[in-house]
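Chemist: Sending over a structure as structure tokens; questions will come in a sec.
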DNA sequence: CACATACTTTAGAATAATTATAAAGTAGGT
DNA sequence: ACCTACTTTATAATTATTCTAAAGTATGTG
Ligand SMILES: [Mn+2]
Ligand SMILES: [Mn+2]
Ligand SMILES: [Zn+2]
Ligand SMILES: [Zn+2]
């Protein structure tokens, strides 16, 4: 287990624990998603274009969808939606909030928003999470 | 201007002020949406099925989409999205919040949630609105 | 009323995002 | 090397939505 190998461990393990064999395509996708400093937001189409534009041998659309879905089901990605019938994914899976600014999505750390009052869940239900979207517009 | 007429006024005026002539189809749609006690949430497909199932002469899909879009642009409907690439519309256009419970959407009155702390908008931007989604799950 | 004209409705085609299918490829284990 | 299960991929299918163009309707004018 050399340096490269242990550095890769995290994103390869995400594949394994999502029930996916770490094939070349999947490893590259997982590396692209998780082997970086900052988390980010993306659509599958954006992911596909970003990765395939740099490659001679393209990864197929189905593999992007399949891999993203598996990673999402395993909890390594969060899905959200804007008002445009496309799924967005977030590599930041911690509970946090967002600014929506004309289709652009910006994270708000969880501790930047606190509540004075929250409703209780209906009978037989409990709160799974609370997420805030702050929609922005230009000044003036 | 008889009783029927003035009772219809509200939803017919919504069409007029959305730039739409009050044709039969549009009046029926607007009546279905707004001439009722409680506000509700719907997809265009649901709206179409609810209305057309009771009718012999069906209203076309395009008319549903066109009418909903015009009413939304004029501010008589709010659009939102769940995690399934379909647009939902809300006849409650006041600022309010939602419980999401397995695809079911329940209103939370604005005054049921208050904030202790909120972030400021980035430079050159201001806050248009703040909306909270509380995701529910079953107890235990 | 008799048209002209502009606005509407509609069926069906087109598009975009996503999912399904099934054939060809690949990776381990023996 | 070989079997077998898992993968990838091209392509078809599906779903939500939008577009198009033709046929229908309303309104104003003489
Ligand atoms: Mn829309
Ligand atoms: Mn999905
Ligand atoms: Zn985020
Ligand atoms: Zn609502």
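The values are calculated or read from the model by the stated rules, or taken from the named source; none is laboratory data. Remember, it's a predicted structure, so these values are computed and weren't measured experimentally. Quick reminder, even Gly has a Cβ in these numbers, built from the backbone with ideal geometry, and neighbours come from all protein chains shown.
Chemist: Can residue B:58 be described as more than 16 Å from ligand 2 (Cβ to nearest atom), assigned by TED's automatic domain parsing to the domain that holds residue B:16 and touching a strand residue (DSSP E or B) at 6+ places or on another chain (Cβ under 7 Å)? Full working, then the answer.
Modeler: Details: more than 16 Å from ligand 2 (Cβ to nearest atom): yes; assigned by TED's automatic domain parsing to the domain that holds residue B:16: yes; touching a strand residue (DSSP E or B) at 6+ places or on another chain (Cβ under 7 Å): no.
No, not satisfied.
Chemist: Also, quick follow-up: Looking at this structure, is residue B:13 over 14 Å from the mean Cα position of the chain (by Cα) and away from ligand 4 (no atom under 16 Å from the Cβ)?
Modeler: Working: over 14 Å from the mean Cα position of the chain (by Cα): yes; away from ligand 4 (no atom under 16 Å from the Cβ): yes.
For residue B:13, the condition - over 14 Å from the mean Cα position of the chain (by Cα) and away from ligand 4 (no atom under 16 Å from the Cβ) - is met.
Matching residues to (1) within 20 Å of residue B:107 (Cβ to Cβ); (2) more than 10 Å from chain B (Cβ to nearest Cβ); (3) buried (at least 17 other Cβ atoms within 10 Å of the Cβ):
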{"residue": "A:41", "(1), (2), (3)": "no, yes, yes"}
{"residue": "A:45", "(1), (2), (3)": "no, yes, no"}
{"residue": "A:66", "(1), (2), (3)": "no, yes, no"}
{"residue": "A:86", "(1), (2), (3)": "no, no, no"}
{"residue": "A:103", "(1), (2), (3)": "no, yes, no"}
{"residue": "A:128", "(1), (2), (3)": "yes, no, no"}
{"residue": "A:136", "(1), (2), (3)": "no, no, yes"}
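Chemist: Same structure again: Among the residues of the stretch B:71-83, write down those that are surrounded by fewer than 18 Cβ atoms within 10 Å (Cβ to Cβ) and either over 27 Å from residue A:88 (Cα atoms) or more than 10 Å from every other protein chain (Cβ to nearest Cβ) (or both).
Modeler: B:73, B:74, B:75
Chemist: Oh, and also: I'm told residue B:124 meets every condition in (1) on the phi < 0 side of the Ramachandran plot; (2) exposed (fewer than 13 other Cβ atoms within 10 Å of the Cβ); (3) within 14 Å of another protein chain (Cβ to nearest Cβ) except one. Can you identify the failing condition by its number?
Modeler: So the condition that residue B:124 fails would be (1).
Chemist: Can you tell me which condition residue B:72 does not meet? The list is (1) touching a residue at least 40 places away in the same chain (Cβ under 8 Å); (2) within 16 Å of ligand 4 (Cβ to nearest atom); (3) closer than 18 Å to residue B:13 by Cβ, and all the others hold.
Modeler: Here residue B:72 meets the rest and fails (1).
Chemist: Given the structure, is residue B:113 facing chain A (nearest Cβ under 7 Å) and surrounded by 18 or more Cβ atoms within 10 Å (Cβ to Cβ)? If you could, list the steps in order and put the result at the bottom.
Modeler: Working: facing chain A (nearest Cβ under 7 Å): yes; surrounded by 18 or more Cβ atoms within 10 Å (Cβ to Cβ): yes.
Criteria met by residue B:113.
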